[in-house]
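Q: I have a structure here, written as structure tokens, and I will follow up with some questions on it.
The values are calculated or read from the model by the stated rules, or taken from the named source; none is laboratory data. This one's a predicted model, so the numbers in the text were calculated from it and none came from an experiment. Every residue, glycine as well, gets a Cβ built from its backbone with ideal geometry; the counts of neighbours run over all protein chains shown. What goes into the accessible areas is simple: the full protein's heavy atoms, side chains included, and nothing from ligands, DNA or RNA. Shrake-Rupley method; radii C 1.70, N 1.55, O 1.52, S 1.80 Å.
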Amino acid sequence: TPAYVANQGKGIGDTVTLRLWEPETFDRAWVGDPHVIRADGPEIEATIVGIVRSLWFSDTLGGHGAVIPSAGLFAHYASHLTGARNSVYIHALVRLDGGEAAIPRFEADLAKVSGRPDVDVRNLADDAQRAKDITGFEANGLLVLAVVAGLASVVLVGQSIARYSASTTADMRALSAVGMTEGQSRCAATVGPALAAVAGTVLGVASAVLASRWFPIGSAALLEPAPGFDVDWAVAAVAVVGVPVLVAACALAAAWSMLRSPRPADSPKRSAVATRVGRLSVPAPVAVGTRFALESGRGPQAVPVRPALIGATAGVLGVIAALAFASGVDDAVANPVRFGQTHQLERPVGLNGIELEPADELLPIIAEDPAVVAVNDTRAAVAGHAGLATTVMTLDPVGAPLDVVMTGGRLPYEADEIVLGPRTAWAMGVGVGDRVRLTGTRATRELIVTGVAFVYRGPNNDHATGAWVTREAYDELFETFTWHAVVIALRDGADPEAAAARIGAAATKVSGAESFLPFVASPPRVIAELRQVRALPLLLAGFLTLLALGAVGHALGTAIRRRRRDVAVLRALGMTRWQSRGVVITQANVLALVGIVVGVPLGMALGRTVWRYVADAMYIDYVPPVPIWALVMAAPVALFISNALAVWPSQRAASMRVGHVLRAE
């Protein structure tokens with residue numbers, strides 16, 4: 001697989017040394033015998049003949065890659081790869097003429113010709129849909145980032161065009177007095193923005209092509225069949241042609257408006273909030289700074305107030321939303337119970353109807369350990385339901401019952417009751433109170449769905465796929481098992497490795513097992529995918545933060561430049577240098593406070609909404625995230641940043657040459 005090639009530095013034509021197991025040693029290694037340290041079978045020099053990318057042979061996030069034996073190698077060394085007792089699953093990949101819709105018929109025909117209704121038929125189309133759900137979220141995250149970048153560009157470019165048109169209007173009017181026509185004036189005002197748009201678009205498209213080398217990212221990178229540089233010529237053509245045309249049209253419209261309209265009157269629209277603050281007994285810098293922050297003004301004194309308010313709000317909203325989402329991800333990553341994993345130790349004791357360990361003797365010994373709070377004797381087999389293969393597991397505790405994460409209803413207590421995994425319930429189209437008809441190797445039974453809950457992750461099912469039944473219900477359905485495992489839950493604070501060693505020593509000494517050592521339960525594989533998803537909202541939040549910094553900083557700098565006459569008049573009437581600084585600082589703090597008051601609640605709502613969407617898509621037990629530190633630090637950090645942005649403009653206001661400004665005005 002590609003990860004093996006990347007990690008080992010090998011490629012097609014190179015050789016790799018495969019050290020195999022002796023069949024008996026393989027069986028001991030499969031059940032976790034601690035005395036089996038390394039493979040003791042034959043060594044093979046195998047030639048790499050290909051690199052595969054597919055859903056079935058896909059790498060895992062953070063994995064080191066895999067080596068896939070050829071059919072010939074497997075046929076020659078079958079016992080070394082499957083063990084003396086066939087301690088592995090043998091899969092067959094089947095392509096159906098009718099696609100996914102033909103799976104129920106295939107499953108029924110397979111049961112008929114094989115005489116085995118318990119053959120686990122895995123729907124790879126369903127696996128592909130799960131992959132699409134994950135990569136779809138990543139794609140949507142990038143799309144949102146693109147839309148936000150596009151909107152920010154429209155605002156920034158629009159402001160630039162407006163400023164350019166306003167600054168060139170006086171020159172155009174002067175030149176019209178010496179013979180320049182109105183059409184020539186509009187053309188002159190349009191050429192500059194249009195040339196800048198052409199240069200920016202070409203640079204942007206070239207950068208996108210270079211960046212395609214590292215895309216796609218996350219889970220999609222494992223499935224991309226042809227990674228590397230990629231260009232969508234249709235999108236590139238639209239950008240190269242459309243953006244300059246749009247900018248030129250906007251510049252032309254702005255120039256036409258400026259040249260046709262009379263000089264704007266200095267009658268700015270008043271802000272109700274700023275007016276009320278001015279009527280209060282507040283220092284003059286507070287009143288003036290509030291007016292600077294909330295009143296855009298007109299003509300030469302116009303300030304981009306709205307973009308600054310929107311930018312500040314968007315920055316706070318994006319950061320809070322991203323941190324709320326990240327808090328939900330961190331909670332799920334740190335708590336496997338969100339995936340229904342309430343146990344800490346596990347151990348396979350049987351496969352394909354063969355008992356590899358004396359489970360009946362081991363279970364009471366495990367339950368006696370002081371760190372153990374629950375032990376479940378988990379047998380599993382595959383039952384058929386309307387063409388849908390379902391892994392059915394036993395809830396068969398020794399002592400206290402195993403804790404199960406329920407999403408609805410209750411656990412089964414009778415022989416005619418069943419609890420379904422959420423994905424299985426959705427696939428069957430049933431809910432709590434409905435009845436399902438399952439066909440096992442022994443009989444067909446109709447069971448009442450008493451609840452929906454997460455299940456134990458077995459070799460061929462995840463935490464949301466499968467079903468729980470009582471021991472009596474299982475024995476009525478099946479004669480044997482597909483796999484058999486001991487699931488062990490420990491008390492809070494117990495050391496899993498120490499408990500495993502203690503249990504292993506006691507079980508090996510008392511029971512007939514040669515060597516017994518429980519495994520520490522591995523975290524769900526979806527956690528790695530979840531970590532990848534976590535990065536996109538943080539990336540978007542970073543972009544929104546930069547947008548907020550640019551919008552607020554631009555508003556502060558523009559206000560002190562365009563309203564220098566107001567400041568100069570106030571200085572002439574007695575305002576001190578420090579009070580001049582206070583005007584700009586107040587303006588910055590008002591912008592930040594608006595962003596905090598509006599952005600924090602909206603950000604929390606958005607972050608929780610996005611996390612619920614991801615939790616539902618990945619079948620994670622949703623717990624509302626509460627990013628405490630983000631909520632506590634939002635106001636201080638936002639105010640600190642806004643005051644930092646105000647340092648330079650406030651210095652300009654304090655060092656203003658009052659006489660020079662008033663003489664120029």
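Q: Among Ala498, Ala548, Ala555, which is the only one that is over 30 Å from Arg612 (Cβ atoms), out of contact with any Phe, Trp or Tyr (no Cβ under 7 Å at 6 or more places or on another chain), of a type in the set (A, V, I, L, M) and buried (at least 22 other Cβ atoms within 10 Å of the Cβ)?
A: Ala555
Q: Of the residues Ala507, Ala535, Ala489, which is touching a residue at least 60 places away in the same chain (Cβ under 8 Å), in a helix (DSSP H, G or I) and over 30 Å from Asn140 (Cα atoms)?
A: Ala507
For (1) touching a helix residue (DSSP H, G or I) at 6+ places or on another chain (Cβ under 6 Å); (2) open to solvent by less than 40 Å² (accessible area, probe 1.4 Å), each residue gets a yes or a no:
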{"site": "Asp171", "(1), (2)": "no, no"}
{"site": "Ser185", "(1), (2)": "yes, yes"}
{"site": "Val198", "(1), (2)": "yes, no"}
{"site": "Ser212", "(1), (2)": "no, yes"}
{"site": "Pro227", "(1), (2)": "no, no"}
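Q: For Val286, which of the numbered conditions (1) within 41 Å of the chain's Cα centre (by Cα); (2) open to solvent by 40 Å² or more (accessible area, probe 1.4 Å); (3) at pLDDT 80 or above fails to hold?
A: So Val286 meets the others, but not (1).
Q: Got a number for residues in the range 460-470 being within 16 Å of Thr394 (Cβ to Cβ) and modelled with pLDDT under 95?
A: Looking only at that region, the number is 2.
Q: Given the residues Pro364, Pro397, Pro358, Pro401, which is the only one that is surrounded by fewer than 20 Cβ atoms within 10 Å (Cβ to Cβ) and more than 30 Å from Arg85 (Cα to Cα)?
A: Pro401
Residues are listed down the side, and each one gets a yes or a no for (1) farther than 30 Å from Thr444 by Cα; (2) surrounded by fewer than 15 Cβ atoms within 10 Å (Cβ to Cβ):
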| residue | (1), (2) |
| --- | --- |
| Ile44 | yes, no |
| Gly62 | yes, yes |
| Ser70 | yes, yes |
| Asn86 | no, no |
| Ile90 | no, yes |
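Q: Let me ask something else. In this structure, does Val486 turn out to be of a type in the set (A, V, I, L, M), farther than 26 Å from Tyr622 by Cβ and either buried (at least 16 other Cβ atoms within 10 Å of the Cβ) or within 28 Å of the chain's Cα centre (by Cα) (or both)?
A: Considered against the rule, which asks whether it is of a type in the set (A, V, I, L, M), farther than 26 Å from Tyr622 by Cβ and either buried (at least 16 other Cβ atoms within 10 Å of the Cβ) or within 28 Å of the chain's Cα centre (by Cα) (or both), Val486 comes out as yes.
Q: Now, a different point. Condition first: open to solvent by 30 Å² or more (accessible area, probe 1.4 Å), under 30 Å from Gln129 (Cα atoms) and assigned to a loop (DSSP other than H, G, I, E, B). Now tell me which residues in the range 404-416 satisfy that.
A: Arg410, Leu411, listed by residue number.
Q: Right, next: Taking the condition touching a strand residue (DSSP E or B) at 6+ places or on another chain (Cβ under 8 Å) and closer than 30 Å to His484 by Cβ, does Arg85 pass?
A: Yes.
Q: Determine the pairs where a residue that is under 25 Å from Arg186 (Cβ atoms), located within the range 227-255, has a partner that is in a helix (DSSP H, G or I) and basic (Lys, Arg) with Cβ atoms under 6 Å apart, the partner being 6 or more residues away or on another chain.
A: Leu252/Arg186; Ala255/Arg186
Q: Has the range 118-135 got at least one residue that is aliphatic (A, V, I, L, M), under 30 Å from Gly315 (Cβ atoms) and at pLDDT below 80?
A: Yes, the range 118-135 contains at least one residue that is aliphatic (A, V, I, L, M), under 30 Å from Gly315 (Cβ atoms) and at pLDDT below 80.
Q: Follow-up question, since we're still on this one. Scan the range 579-609 for residues that are among the small types (Gly, Ala, Ser), open to solvent by 10 Å² or more (accessible area, probe 1.4 Å) and within 20 Å of the chain's Cα centre (by Cα) and jot them down.
A: Selection gives Ala605 alone.
Q: Count, please, the residues in the range 18-39 that happen to be within 18 Å of Ser79 (Cα to Cα) and either open to solvent by 80 Å² or more (accessible area, probe 1.4 Å) or hydroxyl-bearing (Ser, Thr, Tyr) (or both).
A: Counting residues in the range 18-39 that are within 18 Å of Ser79 (Cα to Cα) and either open to solvent by 80 Å² or more (accessible area, probe 1.4 Å) or hydroxyl-bearing (Ser, Thr, Tyr) (or both) gives 5.
Q: State all residues of the range 374-394 that are part of a loop (DSSP other than H, G, I, E, B) and open to solvent by less than 20 Å² (accessible area, probe 1.4 Å); if no residue qualifies, say none.
A: Hits for the range 374-394: nothing passes.
Q: I'm checking my understanding of the structure. Among residues of the range 417-456 that are basic (Lys, Arg) and in contact with a helix residue (DSSP H, G or I) (Cβ under 8 Å, 6 or more places away or on another chain), which one is most open to solvent (accessible area, probe 1.4 Å)?
A: By that ranking, first place goes to Arg442.
Q: Out of all the residues in the range 111-154, which are open to solvent by 70 Å² or more (accessible area, probe 1.4 Å), farther than 26 Å from Glu224 by Cα and aliphatic (A, V, I, L, M)?
A: Selection gives Val113, Leu151, Val154.
Q: Which of the residues that make up the range 429-455 are touching a His at 6+ places or on another chain (Cβ under 8 Å) and closer than 22 Å to Ala617 by Cβ?
A: Phe454, Val455
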